Each structure stands twice: as structure tokens, then as C-alpha cells.
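Below: one structure, written as C-alpha cells.
The values are calculated or read from the model by the stated rules, or taken from the named source; none is laboratory data. Because the structure is a prediction, the values reported are computed rather than measured. For neighbour counting, all protein chains shown are included, and Cβ atoms are generated from backbone atoms with ideal geometry for every residue, glycine included. Heavy atoms of the whole protein, side chains included, go into the accessibility calculation; ligands, DNA and RNA do not. Shrake-Rupley method; radii C 1.70, N 1.55, O 1.52, S 1.80 Å.
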Amino acid sequence: MSVLHDYSATITWTGNRGTGTSHYKAYDRSWDLASPGKPVVHCSNDPLLGGDALLYNPEDMLISALSGCHMLWYLHLASDAGIIIESYSDTPTAQGETLKNGASRFVSATLQPVIGLRAGADLELADQLHHQVHQFCFISRSVNFPVRYAAKYSIV
């Protein structure tokens, strides 16, 4: 039996320069993301599509969500396996493609965590846990492109 979860957000377009969408270059691709009780995140479109490079775009948020979900499940599985993680950071990358008609999608992602393990950790098991995360992580179970793992470890 499954348990359903509800998530919500409010997306508000903030890019009306006074003439709405009267033509393609008449408006900004900016918007705000809000959820009850959380700070507002100012966002924009990908700079390749006319967005503000200083703001998060949907693609940034998807790869960040994928990485964050992976990290949280990895920490959980490591804890269950008796592997003590002392530090974890990731610099995920993703590759997208755009067709001639403008349709775009992600075609792959690579998570590149740098993980500090407490001395005595089983490095082989620590590495194998990455491949188990996909069985649990909400985000990785929801994407339709391959996700690779290129983890690096140090003993701290």
C-alpha cells in the first residue's frame, strides 16, 4: 500500500514591463517561487532563453533537487550500513538538448559528490550505496534520463 504526499508552491510571474506579452521581447522571464512559511526565491529562465543569469532557473532547480535528494538518501543508507559520513558536497552536472523546434529536455546527469568518510569505512560498500539510492529517492525515481555517479572519497 502506498502513502500519497501533497506538495504545493506558488509561482508568480514578475516580468511584466507594462505591456504584458505584447511581443516576445516585451517581457522578462522572471518569476517568484513561494511556499507557505518559506522564503521567496526569485527565479528566471535559462540565460540561453533570455533569462537572468544571476537567478535560479528551472534547470538549476531540477539538478539541485536531484543532487539534494540523492545526498539525503545516501546519508540515510550510509547510516543504516554503519558507514559514518563526516562531510558531503556535490557539484552535479546535467546535459540538455534542444531540438530545432525549441523543445528541450535533459538527456543525462552526473552527480559528483566528494565524501569524507570516518576512518575504517568500507569504501566498496560506500560506493555501492549510490546505486541503491535510485530505489528510494523521490526525484531520481521521477526523472526519465540516466543519472550517473562519480563519487570521490577521503578518509577524515
remark   = Picked from segment 28-40 (must be open to solvent by less than 50 Å² (accessible area, probe 1.4 Å) and not basic (Lys, Arg)), the residue nearest to Asp6 (Cα to Cα) is Ser35
task = Within segment 65-77, work out how many residues are touching a helix residue (DSSP H, G or I) at 6+ places or on another chain (Cβ under 6 Å) and free of Cβ contacts under 8 Å to residues at least 60 places away in the same chain.
result = 2
task = Among residues belonging to segment 1-46 that are among the basic types (Lys, Arg) and closer than 26 Å to Ala103 by Cβ, point out the one that is modelled with the highest pLDDT.
result = Arg29
task = Evaluate segment 65-78: report whether one residue or more is surrounded by fewer than 16 Cβ atoms within 10 Å (Cβ to Cβ), not basic (Lys, Arg) and not in a helix (DSSP H, G or I).
result = no
